[in-house]
């Protein structure tokens, strides 16, 4: 069975005290199928982020109420997985460096062109997709390791139970006891089949395609097995 990754909706929160700049970003990104939520000012941005986490946030650094550094601090203290792209109208390398050190992913200097904005957001969403797929692979590896450990711990005593049930079934002429032994055998076989499937979860293959897209194929590794 192949488990493809389900594409999440591309959504961006844009925080800027200039509503015109918010609308400009929305006009550009919406052409690429990205849903843009606008927050005019840092205070509104904080309120929106308090209710919903966004994969990418674009925030101006200089705002009169709550600035971009405070936005970064808010996101990081709440351990959100949001990528932050900062925008500044001041070509001050110090402010950009401070933002990157605080946890921003990338930056754009105003005035910016359409192509630069699109390229920056494409890189951001590519990063989000790759990060989520890598996390998914790591989680699957943890699950398969747990399944394998559980299978090995349960299989031996289960084999003993099945052996005892077979001995009882063959060693008595009492129909009631034979029926009970048969039921135990049937249930034990079901558990055994489940354990074998769990153990075979280890036999998966990680396939990586151009662009960094990754899938897990658990049939490929176990092909040819009964």
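Every read-out reported here was derived from the displayed coordinates using simple, explicitly stated rules and does not represent laboratory data. All values reported here derive from a predicted model rather than from experimental measurement. For neighbour counting, all protein chains shown are included, and Cβ atoms are generated from backbone atoms with ideal geometry for every residue, glycine included.
Within a 10 angstrom radius of the beta carbon, how do 52, 164 rank from fewest other beta carbons to most?
Going from sparsest to densest Cβ surroundings: 52, 164.
Return one quarter of the surface area of the convex hull spanned by the alpha-carbon atoms of the stretch 2-112, equal to its mean projected area, in nm².
So the Cα hull casts an average projection of 7.7 nm².
Quickly work out the residue 73-to-residue 130 label distance, labels modelled 7 Å from Cα along the C-beta direction, and quote it in nm with one decimal.
The modelled label-to-label distance comes out at 3.2 nm.
Please give the FRET efficiency for residue 11 paired with residue 158, using the beta carbon to beta carbon distance and R0 = 41 Å, rounded to the nearest 0.05.
0.30
Counting other C-beta atoms within 10 Å, which of 56, 160 has the fewest, and how do the rest follow?
Result, fewest neighbours first: 160, 56.
Could you list 132, 94, 21 so that the one with the fewest beta carbons within 10 Å of its beta carbon is first and the one with the most is last?
The fewest-first ordering by Cβ neighbours comes to 94, 132, 21.
Tell me, in nm to one decimal, what length is gained between residue 18 and residue 80 on full extension, where the rule is 0.36 nm per residue of separation less the Cα-Cα distance?
Once the chain is fully extended between residue 18 and residue 80, it gains 19.8 nm.
Starting from the 7 Å offset along Cα-to-Cβ, what nm value, one decimal, do you get for the label separation of residue 37 and residue 94?
My value for the distance between the label points is 3.5 nm.
Calculate, in nm to one decimal, what residue 119 and residue 187 gain on full extension: separation in residues at 0.36 nm each, minus their alpha carbon distance. Could the numbers behind the result be given before it?
Details: separation 68, 0.36 × 68 = 24.48 nm, distance 5.78 nm.
Full-extension gain reported as 18.7 nm.
Using 0.36 nm times the number of residues separating residue 51 and residue 173, minus their current alpha carbon distance, what extension gain do you get? Numbers along the way, then the final one.
Working: separation 122, 0.36 × 122 = 43.92 nm, distance 6.89 nm.
Here the segment from residue 51 to residue 173 would lengthen by 37.0 nm.
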